[in-house]
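Below: the structure, in structure tokens.
Here, each number is a calculation from the coordinates, and none is a lab measurement. As the structure is a computational prediction, the values presented were derived from the model and not from experiment. Cβ placement follows ideal geometry from the backbone for every residue including glycine, while neighbour counts extend to all protein chains displayed.
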Amino acid sequence: MEPSRTRIGWIGTGVMGSAMCSHLLTAGYSVTVYNRNRDKMTCLVEHGASAAASPRVVAAASDVVFTMVGFPEDVDSVIRGEDGVLSGAAAGTIVVDMTTSKPSLAQELYSIGREREVRCLDAPVSGGDIGAREARLSIMVGGDQDTFTEVLPLFSHMGKTIVHQGPAGAGQHAKMANQILIATGMIGVCEALLYGYKAGLDLNVLLQSVSGGAAGSWSLSNYAPRMLAGNFEPGFYVDHFVKDLSIALEESRRMKLALPGLALAAQLYIALQAQGHGRNGTQSLVLALAKLSDMQWSNKD
């Protein structure tokens with residue numbers, strides 16, 4: 001994997017995908033990009049990427065194709081659809097799906113790819129928009145060890161914690177565990193802030209005390225300040241998080257595993273979605289919880 005000879009394809013240039021792809025461009029790789037909304041490719045094209053008309057065209061021009069789209073059905077469409085990656089990929093091409101998607105779909109794509117001599121990895125990420133911009137994502141990878149080792153130099157331009165979790169689908173299962181941790185943790189962050197506000201505390205001062213102690217977490221350090229500032233712009237969309245939690249619940253049911261905390265978090269995020277915040281960031285959960293106590297949440301500085 002060297003900039004002088006490895007051609008990269010990138011499909012999906014949203015909040016995180018655009019930043020992740022930009023790191024490969026900065027590293028000197030030749031990149032071909034595709035996005036359904038062509039306007040979202042403009043910044044990457046201005047920085048040297050080539051725009052493609054379809055996922056098939058991306059694959060035909062690439063040695064390694066990354067996909068970072070929204071939902072499992074989008075993954076299925078861009079990879080094995082009529083004009084998808086597999087229709088244009090030559091034998092030996094590596095396809096890396098970095099979307100948070102279904103483990104079963106990752107396993108299916110791996111098997112179909114193998115029949116066509118195309119190697120597939122599932123490599124969902126954690127770290128949100130900040131981690132994507134700063135190239136310090138956590139990347140959880142499923143698939144063959146030798147393929148993982150080959151792609152590792154590319155992953156290193158996007159993340160800091162890069163771990164091979166096991167066979168196809170294992171990366172997605174690891175991401176489900178990650179989302180369960182975040183979902184239940186976000187409830188605690190929001191409830192602590194609401195409690196502190198009702199108790200008359202200065203919430204900025206409160207954060208100084210609790211962020212560095214046993215209660216500290218990534219969500220507390222990164223999302224709580226946004227909540228206090230009334231900043232609900234998406235680092236990660238509520239709509240996408242509800243999708244992730246639905247997958248986690250589906251997998252837990254399949255394994256006959258009771259996860260009541262996950263179920264509660266999913267219901268609260270669905271309520272937030274119903275209140276019109278699906279395109280806001282996950283930190284907007286505080287709005288739904290405030291509403292339960294008939295509180296109006298605004299800038300609390």
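Based only on other Cβ atoms within 10 Å, what is the fewest-to-most ordering of 111, 211?
111, 211
Here 10, 297, 218 are placed in order of increasing Cβ neighbour count within 10 Å, fewest first, which gives 218, 297, 10. Beta bridges from DSSP with both residues in the chain: antiparallel share about 15 percent, rounded to the nearest 5.
Which of the residue pairs 160/198; 102/160; 198/243; 160/291 have a Cα-Cα distance greater than 27 Å in the structure shown? Intermediate values should be presented prior to the final figure.
Working: 160/198 39 Å; 102/160 24 Å; 198/243 32 Å; 160/291 38 Å.
As for pairs spanning more than 27 Å Cα to Cα, those are 160/198; 198/243; 160/291.
Across the stretch 97-108, coupling constants 3J(HN,Hα) worked out from phi with the 6.51/-1.76/1.60 Karplus curve, θ = phi - 60°, read 8, 9, 6, 7, 9, 7, x, 5, 5, 4, 5, 4 Hz, and Gly and Pro carry x. As an equivalent ellipsoid, the stretch 174-292 spans semi-axes of 25, 16, 12 angstrom, where each value is the square root of five times an eigenvalue of the C-alpha gyration tensor, largest first. For the chain, modelled as a GNM whose springs connect Cα atoms under 10 angstrom apart, the maximal fluctuation among 69, 210, 286 occurs at 210.
Counted over the chain with a bin width of 20 Å, the fraction of Cα pairs per bin, in whole percents, is 34, 54, 13, 0. Direction-averaged projected area, Cα convex hull, the stretch 185-245: 4.5 nm², rounded to one decimal. Could you check what % of the DSSP bridge pairs in the stretch 7-168 are antiparallel, to the nearest 5? Restricted to the stretch 7-168, the bridges split so that about 10 percent are antiparallel. Distance distribution note for the stretch 7-168: the fraction of Cα pairs above 19 angstrom is 47%.
Given the rule -39500 (n - 2.57) for each run of at least 4 DSSP H residues, summed and divided by the residues of the chain, what is its mean residue ellipticity at 222 nm, to the nearest 500 deg cm²/dmol?
Working: 15 runs with 149 residues, N = 301.
Rounded to the nearest 500, it is -14500 deg cm²/dmol.
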